[in-house]
1. Would you point out the residue of the range 50-64, among those that are among the small types (Gly, Ala, Ser) and modelled with pLDDT of 80 or more, that is surrounded by the most Cβ atoms within 10 Å (Cβ to Cβ)?
2. Have a look at 99, 35 and point out the one that is surrounded by fewer than 11 Cβ atoms within 10 Å (Cβ to Cβ) and among the basic types (Lys, Arg).
3. What single numbered condition from (1) surrounded by 10 or more Cβ atoms within 10 Å (Cβ to Cβ); (2) part of a helix (DSSP H, G or I) fails to hold for residue 81?
4. Answer with yes or no whether residue 6 is surrounded by 10 or more Cβ atoms within 10 Å (Cβ to Cβ), modelled with pLDDT under 85 and in contact with a strand residue (DSSP E or B) (Cβ under 9 Å, 6 or more places away or on another chain).
5. Where the second residue is among the charged types (D, E, K, R) and modelled with pLDDT under 85 and the first is more than 30 Å from residue 61 (Cα to Cα) and lies in the range 10-31, which pairs have Cβ atoms under 6 Å and are six or more apart or on separate chains?
Amino acid sequence: MATILDFQIHPRTRQYQTEDPEKLELRIRNVIQVRTRSEVEKMVLEDALVASEKLTSVVLESVEGQAIIKEMGIDILSITFLAITPTPEIARALEAEYRENLQMKADKAIYERRAVAVEQESKIKENELNSQITLEKKRKELIALEGANIIKEAEFHAKAKETELAAYKKLAPNVLLALALKEIGENAEKIDTLTITPDILASILKETKK
């Protein structure tokens, strides 16, 4: 230290004879400022504003390795950054950028919510369409089944009627006529008006004479 700075004291006034002792703090501060600036330049500005704890350890290690600190025989025990603040111009620029980023995030959130809503609505419509298609398919199958049943029922009735009438084909005409008249007689209460044409009457009389 004595080879770099003059710490001589006047024997009578007991005051330093030079201003070198006052330069000691300035030299240490300059070294710290230079190393701090070097580290801050490696960072993004937004990160640097909140990196006081990280800077403390990095700058302390960097300063301890400086030749001038070693030559002066100084042992720096700790470094503390009370605050890291931007200049007013930088602060305004950061505020504007921060507000813009917040607006962008808000717009993005709104867009994402709308996209989710549209996607959900699309899925709902798709589900409704699929349900409608399924119902239409089932309805078509039901109609086809009902139609097939009606056809089968008609065929069954036709076949039953054909079987029933087949027995009458072997009967004589007068027997058929008698059966018809018997059927009419049994259901006379249900008949309002009965018309017997001359042809029918002639046929009855002819069969009677036989």
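1. 62
2. On the way: 35 fails: surrounded by fewer than 11 Cβ atoms within 10 Å (Cβ to Cβ).
Just one listed residue meets the conditions, 99.
3. Going through (1) surrounded by 10 or more Cβ atoms within 10 Å (Cβ to Cβ); (2) part of a helix (DSSP H, G or I) one by one, residue 81 breaks only (2).
4. Values: surrounded by 10 or more Cβ atoms within 10 Å (Cβ to Cβ): yes; modelled with pLDDT under 85: yes; in contact with a strand residue (DSSP E or B) (Cβ under 9 Å, 6 or more places away or on another chain): yes.
The answer is yes for residue 6.
5. 18/6
The values are calculated or read from the model by the stated rules, or taken from the named source; none is laboratory data. Remember, predicted model here, so these are calculated numbers, not experimental data. Positions of Cβ are backbone-derived with ideal geometry, glycine not excepted, and every protein chain shown enters the neighbour counts.
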